[in-house]
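Below is one structure, written out as structure tokens, with a few remarks after it.
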Amino acid sequence: MKPAPFDYVAPKTIEDAIAHLNRHGSDARFLAGGQSLMPMLALRLARPTLVIDLNRIETLSHIRMQGGELCIGAMTRQGAVLDSNLVAQHAPLLQRVLREVGHPPTRARGTIGGSLAHADPAAELPVAALALQARFVIRSSAGERIVAADDFFQGMFETAIQPGELLTEIRIPSAATAGSGFEEIALRKGDFAIVSAAAWLAIAKDGTCTSARVVLGSVGPTPVRCPATEAHLIGKPVNAVAISAAAEAIPETLIESDSLNASRAYRRRIAPVLTRRALTAALKDAGKAAP
Ligand SMILES: Cc1cc2nc3c(=O)[nH]c(=O)nc-3n(C[C@H](O)[C@H](O)[C@H](O)COP(=O)(O)OP(=O)(O)OC[C@H]3O[C@@H](n4cnc5c(N)ncnc54)[C@H](O)[C@@H]3O)c2cc1C
């Protein structure tokens, strides 16, 4: 099937992109890497009257440290994030996750902002963004606002980005000494996750966990933090026994339905297994990163 007809513009500045959006309202759609939008156009699941191509806006592509945060422009290619030394140093979880996102050709085009704005419930990057407590910089003609990861993902393919707004940057607090791990089950390498688990641990010199974040993906409309699991670890020494108990604290009720590729029972069974593996990897990583 061919896309329905649409007009096309390729502005060179953020201001122009937002002006086009304001003129066309909800009939316009941004084009980032096109790895989700182009299939949606071809299948006529999206029928915008205007496509605003963001690929010529140079100020949307960067990876830099600023004020203790790793700042990644929304149009930065997933492949560039995967290859970045700065990301390896300050947010290696992003790279662990990106190795599971699609394939080299999709990562060469697909952007970090496109995946986060798209907010597919089975996507991996939203899981990492929540585990890293990223902040989302959103621009409109009214100015700039910053949304915390806890408030960004609002439903299936739904985020805090409102009509007239553009996601411009993702900011991640640097935690070079924390450890992280990511595990997923997918039908094939590079497919969307059936269930995924990210773990992020800060461990003091005496082995006590000072902060823990555990996030499950592909278990509902948005990625989900697991406070009961985190509470099992915080303030205590972390070892294999503690990790097993923490993983078993994931509530069975978290996964309420079958997914396209797996039953609810199977997903409920693998969620604690993936969590235990992600936490074990995070503990090992924290040991490497310890001050
Ligand atoms: C074969 C294949 C396998 C894939 N496998 C996976 C996988 O395993 N895991 C996974 O997570 N993804 C996977 N993807 C999807 C891929 O990660 C996409 O790159 C991603 O979903 C969208 O990013 P994009 O830059 O291509 O955005 P686009 O497709 O261009 O845009 C996606 C949506 O986001 C909006 N948008 C884009 N940028 C902005 C912005 N800055 N501000 C506001 N709105 C914006 C667009 O208007 C559109 O609605 C796969 C894709 C393919 C083709």
Original post:
Restricting to segment 200-232, what's the tally of residues that are open to solvent by less than 10 Å² (accessible area, probe 1.4 Å), over 14 Å from residue 286 (Cα atoms) and either in a strand (DSSP E or B) or not β-branched (Val, Ile, Thr) (or both)?
Top reply: 5
Original post:
When residues of segment 122-157 are filtered for being within 16 Å of residue 172 (Cβ to Cβ) and assigned to a loop (DSSP other than H, G, I, E, B), how many remain?
Top reply: 4
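The rows are residues; the columns are (1) within 26 Å of residue 80 (Cβ to Cβ); (2) more than 13 Å from the ligand (Cβ to nearest atom); (3) modelled with pLDDT of 95 or more.
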position: 6; (1), (2), (3): no, no, no
position: 18; (1), (2), (3): yes, no, yes
position: 41; (1), (2), (3): yes, no, no
position: 64; (1), (2), (3): yes, yes, yes
Original post:
How many of the residues making up segment 1-15 are open to solvent by less than 80 Å² (accessible area, probe 1.4 Å) and either under 23 Å from residue 105 (Cα atoms) or in a helix (DSSP H, G or I) (or both)?
Top reply: 3
**OP:** Having 3 or more residues that are closer than 24 Å to residue 216 by Cβ is the bar; report the helices (runs of 4 or more DSSP H) wholly within segment 34-121 that clear it.
**Re:** 78-83, 92-98, 112-118
**OP:** Please find, among 142, 197, 176, 148, the residue that is small (Gly, Ala, Ser), open to solvent by 30 Å² or more (accessible area, probe 1.4 Å), more than 10 Å from the ligand (Cβ to nearest atom) and under 14 Å from the mean Cα position of the chain (by Cα).
**Re:** 148
**OP:** Specify which of the listed residues (117, 108, 88) is out of contact with any Asp or Glu (no Cβ under 8 Å at 6 or more places or on another chain), over 21 Å from residue 187 (Cβ atoms), open to solvent by 20 Å² or more (accessible area, probe 1.4 Å) and within 8 Å of the ligand (Cβ to nearest atom).
**Re:** 117
**OP:** Give the residue, chosen from 218, 244, 263, that is small (Gly, Ala, Ser) and under 19 Å from residue 130 (Cα atoms).
**Re:** 218
**OP:** Residue by residue through segment 245-286, note down the ones that are among the acidic types (Asp, Glu), open to solvent by 40 Å² or more (accessible area, probe 1.4 Å) and assigned to a helix (DSSP H, G or I).
**Re:** 248, 252
Original post:
Taking the stated definitions as given, is residue 188 charged (D, E, K, R), out of contact with any Pro (no Cβ under 6 Å at 6 or more places or on another chain) and modelled with pLDDT of 95 or more?
Top reply: no
Original post:
How many residues does segment 16-33 hold that are more than 13 Å from residue 166 (Cα to Cα) and either open to solvent by 40 Å² or more (accessible area, probe 1.4 Å) or in a helix (DSSP H, G or I) (or both)?
Top reply: 3
**OP:** Give the number of residues within segment 235-269 that are among the β-branched types (Val, Ile, Thr) and either at pLDDT 90 or above or outside the structural domain of residue 199 (by TED's automatic domain parsing) (or both).
**Re:** 4
Subject >> Residue satisfying all of: in segment 34-76; open to solvent by 50 Å² or more (accessible area, probe 1.4 Å) and under 15 Å from residue 118 (Cα atoms); farthest from the chain's Cα centre (by Cα) among these >> reply: 45
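The values are calculated or read from the model by the stated rules, or taken from the named source; none is laboratory data. Remember, it's a predicted structure, so these values are computed and weren't measured experimentally. Here the Cβ is made from the backbone with ideal geometry for all residues, glycine too, and neighbour counts use every protein chain on show. SASA here: full protein model, heavy atoms, side chains in, ligands and nucleic acids out. Shrake-Rupley method; radii C 1.70, N 1.55, O 1.52, S 1.80 Å.
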